[in-house]
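Peer 1: The structure is given below, and queries will be raised subsequently.
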Amino acid sequence: MAATLFFYLFAAIAVASAVMVITARNPVHSVLFLILCFFNAAGLFILMGAEFLAMILVVVYVGAVAVLFLFVVMMLDVDFVKLREGMASYLPVGGVIGLIVLVELALLFGTWTIAPEALKSAAAPAPAGGISNTAALGEILYTKYVYWFQASGLVLLVAMVGAIVLTLRHKEGVKRQSIAAQVARTPATAVEIRKVEPGQGL
C-alpha cells in the first residue's frame, strides 16, 4: 500500500514538473523544475529496485547537467525575448513534426505487448548471488567491459577539452601569467640597476 502511494506521488510530481519545464517562461525556473523532475524519477527507480539508476540520475543529471545548464543560462544573460521573435515562423514545421511523433507513439502503444519472460525478470530485479544491482553492474563494467568503459571516459575527456578550446577567448591588453617565463628568469633579467643623480627621481 505504501509503495503504491509513493509511486503515484512521485509520478504525479514528475509529470507536473515536466509540464512546467516546457511551459515556464523563465529559463531558470525551467531548470529548477527539471531538477525536481529528476529527483522524482530517481524515486521511481528506487521503487523499482534499480537504486544504481536512481543514484546515476541524481549524481550525473542533477549534480552536473542541470546545475551546469543553470549556471550557463545565468552567466550568459541570453535575451530570450529576442530569441522568441522569429518563433512563429517555425510553428508549421514544428506542428508537422509533432504530429508525426504523435502518430508514431499511437502506433507504438497500439501494437505493443509485454513479453511473458519480461514479467518474470521484473518480478525478481535483484541479481543472483545475494549482491545488489550496483555491485553486479560494477563487476560487469570493470571485468567484461572495462576497455569499453575506459574508452567512453576518454571520449568524454576529449569532448570536454575540445569544448574548452573552442570557447576560450583571449582578450587584448590582459596580462597573463607565464610560468615558463617566471622560471627562466635570471638576476640579469629580473633586476635593473639604475644610477640616480642626487636630487633627481626615477
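Peer 1: Return the Rg/Rh value of the range 128-202, two decimal places, where both radii are evaluated on C-alpha atoms and Rh is the Kirkwood radius. Each step should come with its number before you reach the end.
Peer 2: Values: Rg = 28.3 Å, Rh = 19.3 Å.
Over the Cα atoms of the range 128-202, Rg/Rh equals 1.47.
Peer 1: Also, quick follow-up: Which chymotrypsin sites (Phe, Trp or Tyr not before Pro) in the range 135-202 pass both tests, a DSSP loop state and at most 15 other beta-carbon atoms within 10 Å?
Peer 2: Details: sites: Tyr142, Tyr145, Tyr147, Trp148, Phe149; in loops: Tyr142, Tyr145.
For chymotrypsin sites (Phe, Trp or Tyr not before Pro) across the range 135-202 that sit outside H, G, I, E and B with at most 15 neighbouring Cβ atoms in 10 Å, the list reads Tyr142, Tyr145.
Peer 1: How large is Rg/Rh for the range 1-55, to two decimals, with Cα atoms and a Kirkwood Rh?
Peer 2: Working: Rg = 12.1 Å, Rh = 11.5 Å.
Result: Rg/Rh = 1.05.
Peer 1: Kindly provide the GluC sites (Glu not before Pro) of the range 139-202 that DSSP labels as loop, not H, G, I, E or B, and whose Cβ sees at most 11 other Cβ atoms within 10 Å. Could the numbers behind the result be given before it?
Peer 2: Values: sites: Glu139, Glu172, Glu192; in loops: Glu172, Glu192.
Loop-located and lightly packed - Glu172, Glu192.
Peer 1: Counting other Cβ atoms within 10 Å of each Cβ, which chymotrypsin sites (Phe, Trp or Tyr not before Pro) in the range 1-53 have at most 16 and sit in a DSSP loop? Write out the running numbers ahead of the final one.
Peer 2: On the way: sites: Phe6, Phe7, Tyr8, Phe10, Phe33, Phe38, Phe39, Phe45, Phe52; in loops: none.
In loop regions of the range 1-53 (DSSP not H, G, I, E or B), there are no sparsely surrounded chymotrypsin sites (Phe, Trp or Tyr not before Pro).
No lab work stands behind these numbers, since they all come straight from the coordinates. What you see is a predicted model, and the numbers here were worked out from it, not measured in a lab. Here Cβ is always computed from backbone atoms with ideal geometry, including for glycine, and neighbour counts include all displayed protein chains.
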